[in-house]
Amino acid sequence: MQNDSKATRVFGVSREEIKALVKSTNSETFTKWLLHLMGIFLTPITLMGMLGGYRYSFKRIGFPKGEKPILHDDGDRPIYTFAMIAGAVAVWAVIGVAFYFASDFMKSYFGRRDYILPTVFFIGFNLMVSIVIMRNFQKWQAMMNQTLTVQTQFGSAAWGNFNDFSDLHKRNGIYVGGGDFAYSKHGHCITVGGARSGKLTTLIGPYILGRSNYSGSMFCVDIKGELAAISARYQRKIGNKVLILDPWGVNPGKSSCYNPLDLVSGETNPDALIDNVSVIAEMIVPKSNKGDDYWNSRARSVISTFLIHLVTSEPKAPHTLGELWRRLRLPENEFMDLLSSMAASENEIVAAGANEIVYLIEASEKAWGSILSTALDKTDFLKSPALRKSLESSTFDIKELSDGKTTLYVIIPPDQLEAQSQWLRLVFTTALRAVIRARTNKRITFLIDECAALGYLPELKTAFATYAGYNVTMWPIFQDLSQVKSLYGDAWETFISNATVRQFLGINDELTSAYLERQMGVKTVVTYDDGKPSASARPLATADEIRRGSKDNIFVFVEQRPPTYFPKQPYYEMPELYDRHDANPFYNA
């Protein structure tokens, strides 16, 4: 017992003796002292809590929007008032808990002491703490103002967040990415992605399988027939009429047939006839974005003349491109007899065109030989028996695309893509013209995979600029921007900017990555040296970061919103689509 007493002595005085020395005979002394202490601390503690709450809320809300850290509420930011009150309450809660656990100790050592001297001490302490708090807050205000001044000094580029795209969340329309984002308004889309980058699995597949609940008709250029294989059953299930145009028999089902000359057969409006025939001739003999040479121009004129004669003057003749191919290859005597009958035609356009051809033959056999050689070369794709059979007649009306409930798959094998590009051009252009002529209020999307294979398409360029108002959405797909630039020349950036939705993935080339770096913009990087902010410029994403990032992500631009990116997610990993897609015969898992 004696040892325990010694253990508790300080300078020979026991703890019990100290308690007896300071203990007050008045039982209210501790309560009064505690109330004084709370009153003394009220101002700095509350001040500290309120200013702390303001700083926290400003960093979360005001600073990202470039607001100044000014201590007043203009009525538009009651959140600041709430945060200041919450900060004060939080600080007092901490103090209250601390006082609760420290009360026994304070009763033991201060119960009998007079509270006047501590009061004076704490008043002084209160004054000093308040000054320190306000001084630190003023320094913080100055630092924030400097930061706000320099944070956009070189640029304000930033990644778009959910708030920037919230109006696209769970909408019905063109699939943007991210699982639940779709663009429902009028506008066009362009997708750029290298080979095997996941364009079909992460963008086209989810779209055509209904991930974005698109409602409308679809025209799909289907390389290898993959789209039809995975989605035709689903398209039928939702009530769409499914048409598969497959001259080479890639798809195991029965192919439809389509004659592009249906667009002009029976046309009674001379202006519309000439315009549409000219477009068909241009699809057969493509124009270059750098202008047209003489031989192509003359060959196009010859083909136009023969087509107009075929559909207007010979009602019993087959109005097919196969017949055009045959007539251009007639023996010389039969060819001249045909020209003679054309020159005597009541159709002045046909007569004038035939006389012009006769003049060319008589003026220079060499020049005529070059023109005819060009026409023969450009129609050589029609020698394919499978293709000519597909072109003999139509098993459907192309205008059905305007009903909003038709899905047309245009299938072409990869090995025919270059040789039969004119056929693709003809089908696409005549279908587009038929839809525009119908002036439907139903939506239709033209999805053109491997768009570069179709060559320079003035009709596509026109569609991007004007056709959105016809409820038509163009969705061309390229492998890189070099393809776009080679086709559309100096206007390639304008062509891209006319797309409302722009998607990039699997980027490997310098032109595309450098373009994206410029489009994403420059941000200002703020660093602090001894509490003082300084700024430097940096691209939001460098070309190298874009190339590496596009392996697993899709970079997306929508209208004039900030750029964003979505992780790639293939359709076969989306639970919502498990029962919608069929096996892809070209994919080995």
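The values are calculated or read from the model by the stated rules, or taken from the named source; none is laboratory data. From a predicted model like this one, the values you see are computed outputs, not experimental measurements. Here the Cβ is made from the backbone with ideal geometry for all residues, glycine too, and neighbour counts use every protein chain on show.
Take Ser390 and decide whether it is within 38 Å of the chain's Cα centre (by Cα), at pLDDT 90 or above and in a helix (DSSP H, G or I). Against the criterion (within 38 Å of the chain's Cα centre (by Cα), at pLDDT 90 or above and in a helix (DSSP H, G or I)), Ser390 qualifies. Of the residues making up segment 337-349, those that are exposed (fewer than 13 other Cβ atoms within 10 Å of the Cβ) and not acidic (Asp, Glu) are Ser340, Ala344.
Test of understanding: among Leu417, Leu426, which residue is buried (at least 20 other Cβ atoms within 10 Å of the Cβ), more than 24 Å from Val501 (Cβ to Cβ) and in contact (Cβ under 8 Å) with a residue 40 or more places away in the chain?
Answer to the check: Leu426.
Just one residue in the set Met134, Met84, Met50 is within 30 Å of Val526 (Cα to Cα), at pLDDT below 70, out of contact with any Cys (no Cβ under 8 Å at 6 or more places or on another chain) and of a type in the set (A, V, I, L, M); that residue is Met134. With a requirement of 2 or more residues that are hydrophobic (A, V, I, L, M, F, W, C), the strands (runs of 3 or more DSSP E) lying completely within segment 468-578 that satisfy it span 472-478, 501-505, 522-529, 532-539, 553-558. Go through segment 342-380 residue by residue and tally those that are within 48 Å of the chain's Cα centre (by Cα) and more than 18 Å from Ile274 (Cα to Cα). The total comes to 11.
Residue pairs whose Cβ atoms lie under 7 Å apart, separated by 6 or more positions or on different chains, with the first residue in segment 509-521 and over 16 Å from Arg538 (Cβ atoms) and the second of a type in the set (Ser, Thr, Tyr) and surrounded by fewer than 23 Cβ atoms within 10 Å (Cβ to Cβ), are Asp509/Ser482; Leu511/Ser482.
For segment 417-457, the tally of residues that are within 18 Å of Leu263 (Cα to Cα), in a helix (DSSP H, G or I) and either of a type outside the set (Lys, Arg) or under 23 Å from the mean Cα position of the chain (by Cα) (or both) stands at 14. The residue of segment 547-573 that is farthest from Gln519 (Cα to Cα), among those that are buried (at least 17 other Cβ atoms within 10 Å of the Cβ) and in contact with a Pro (Cβ under 9 Å, 6 or more places away or on another chain), is Tyr571. Answer yes or no: is there a residue in segment 342-349 that is over 28 Å from Pro458 (Cβ atoms) and among the hydroxyl-bearing types (Ser, Thr, Tyr). Scanning segment 342-349 turns up at least one residue that is over 28 Å from Pro458 (Cβ atoms) and among the hydroxyl-bearing types (Ser, Thr, Tyr).
Among the residues making up segment 217-232, those that are crowded, with 23+ Cβ neighbours inside 10 Å and of a type in the set (Gly, Ala, Ser) are Ser217, Gly225, Ala228, Ala229, Ser231. For segment 477-491, indicate whether the set of residues that are assigned by TED's automatic domain parsing to the domain that holds Ala434 and under 13 Å from the mean Cα position of the chain (by Cα) is non-empty. Within segment 477-491, one or more residues are assigned by TED's automatic domain parsing to the domain that holds Ala434 and under 13 Å from the mean Cα position of the chain (by Cα). Does Val89 meet the test of being modelled with pLDDT of 70 or more and closer than 30 Å to Glu16 by Cβ? No.
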